[in-house]
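What follows draws every value from the coordinates through simple rules; no lab data is involved. Quick caveat: nothing in here was measured; it's all calculated off a predicted structure. With ideal geometry, Cβ positions are generated from the backbone for all residues, glycine too; neighbour counts draw on all protein chains shown.
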There are 2 protein chains.
Amino acid sequence: MTKELIKTIFARRSIREYTAEVISEKAIKTMLEAAMAAPSASNRKPWHFIVVTDRQFLDNLARVHPYGKMLSKAPLCIVVCGDTTISARYWVQDCSAATENLLLAAAALGLGAVWLGVYPRGERVGPIRKVLNIPETIVPLNLISIGHPAEEKEPRTQYDEQRVRRQQW
Amino acid sequence: MTKELIKTIFARRSIREYTAEVISEKAIKTMLEAAMAAPSASNRKPWHFIVVTDRQFLDNLARVHPYGKMLSKAPLCIVVCGDTTISARYWVQDCSAATENLLLAAAALGLGAVWLGVYPRGERVGPIRKVLNIPETIVPLNLISIGHPAEEKEPRTQYDEQRVRRQQW
């Protein structure tokens with residue numbers, strides 16, 4: 001179990017080029033199941049997911065995110081949103097853990113994905129809210145662009161001994 | 001690959017009771033390798049990890065975290081810290097993704113762990129900073145209490161169709 005998990009964690013890379021092949025509903029569900037199995041503070045689950053497969057919405061997202069050009073080629077974008085009415089304090093952490101699960105599931109499914117940061121940049125949050133009709137209490141944390149990979153990257157760890165301390169700082 | 005990954009994701013539960021058995025250095029390294037393989041905004045890796053195995057430090061952490069009592073029995077605590085000088089904007093998200101990888105590695109290794117939230121609660125950040133000598137530019141995001149499990153929990157997804165929207169909100 002450990003080996004397979006670590007292999008998937010190392011294999012997950014940011015993939016920005018995709019084939020035209022669509023993503024199956026089964027794969028979408030697997031990614032969402034993984035995301036929602038994440039831990040959350042007091043198990044409040046302050047997350048929502050917008051599954052975007054419509055070409056016009058994808059193109060609009062590509063237009064409003066400064067690094068989102070690949071969305072005009074991607075067959076799928078999942079927008080991870082935080083619900084500030086459920087957890088004002090911990091939604092960013094909880095939704096980030098859910099996002100990492102989603103990305104790992106994508107990698108395990110043989111898909112390529114990339115995390116495009118949105119929150120806390122107001123100049124990204126606002127336009128994306130507008131494109132997707134997201135209400136004020138809900139915050140788009142990121143856009144996850146997903147497709148069948150048309151580029152390959154080597155698995156890797158980025159382990160750095162200098163980032164590890166013992167007993168105290 | 002998908003099945004094993006999903007199995008680990010579902011198997012990861014919050015485990016707060018542990019046996020007295022210590023955690024091997026090899027297992028600690030595997031968890032840190034997993035953590036540092038996480039994605040981060042512009043690949044800045046704004047994280048540090050404090051590996052605490054000294055009984056006195058563990059007891060002090062147990063004392064200052066309101067839900068940290070189990071640390072007085074745990075053989076290991078890993079403190080995930082964000083470096084605000086590396087990424088003021090995205091360190092919470094990046095360190096949360098790293099934390100989720102760490103928790104999944106723990107689960108895959110057959111260990112039990114629980115994420116104890118620290119930031120953004122000042123009344124937790126301050127005392128923990130003091131116990132571990134953490135400088136002002138570094139923020140303890142959480143305490144991860146880890147041990148060989150002495151309680152069992154069923155694997156689960158928390159998939160909820162009501163948290164999924166299509167094309168737009």
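Can you list the GluC sites (Glu not before Pro) in segment B:136-169 that are in a DSSP coil and have 12 or fewer other beta carbons within 10 angstrom? Before the final figure, lay out the partial values.
Numbers: sites: B:GLU136, B:GLU151, B:GLU152, B:GLU161; in loops: B:GLU136, B:GLU151, B:GLU152.
Here the sparse-neighbourhood loop sites are B:GLU136, B:GLU151, B:GLU152.
Couplings 3J(HN,Hα) for segment A:155-169, derived from phi with the Karplus relation 6.51 cos²θ - 1.76 cosθ + 1.60 (θ = phi - 60°), are x, 6, 9, 10, 3, 9, 3, 5, 8, 10, 10, 10, 6, 7, 5 Hz, where x marks Gly and Pro. For B:ARG165, the amide hydrogen comes within under 5 Å of the amide hydrogens of A:PHE49, A:ILE50, A:VAL51, counting only partners 5 or more places away or on other chains and with H modelled in the peptide plane.
Applying the criteria of a DSSP loop state and at most 15 other Cβ atoms within 10 Å to the trypsin sites (Lys or Arg not before Pro) of segment A:1-45 yields A:ARG44. Mean silhouette area of chain B, derived from the convex hull of its C-alpha atoms and averaged over all directions, reads 11.5 nm².
Each copy carries A:GLU17; placing its label point 7 Å along the C-beta direction from Cα gives inter-copy distances of 5.4 nm, listed from smallest up. Listed values for segment B:56-65 are Karplus-derived 3J(HN,Hα) couplings in whole Hz (6.51 cos²θ - 1.76 cosθ + 1.60, θ = phi - 60°), namely 5, 5, 4, 5, 5, 5, 4, 6, 8, 9, and x replaces Gly and Pro.
Can you put A:GLU33, A:GLU25 in order, fewest other beta carbons within 10 Å first?
On the way: A:GLU33 18, A:GLU25 10.
Exposure proxy ranking, most exposed first: A:GLU25, A:GLU33.
Distances, shortest first, from the label point of A:ARG89 to those at the same position in the other copies read 2.7 nm; the point lies 7 Å along Cα to C-beta. Would you mind pulling out the separation of the Cα centroids of segment A:19-70 and segment B:1-80, in Å? Measuring centre to centre over Cα atoms gives 28 Å.
For chain A, modelled as a GNM whose springs connect Cα atoms under 10 angstrom apart, the maximal fluctuation among A:PRO149, A:PRO135, A:PRO127 occurs at A:PRO135.
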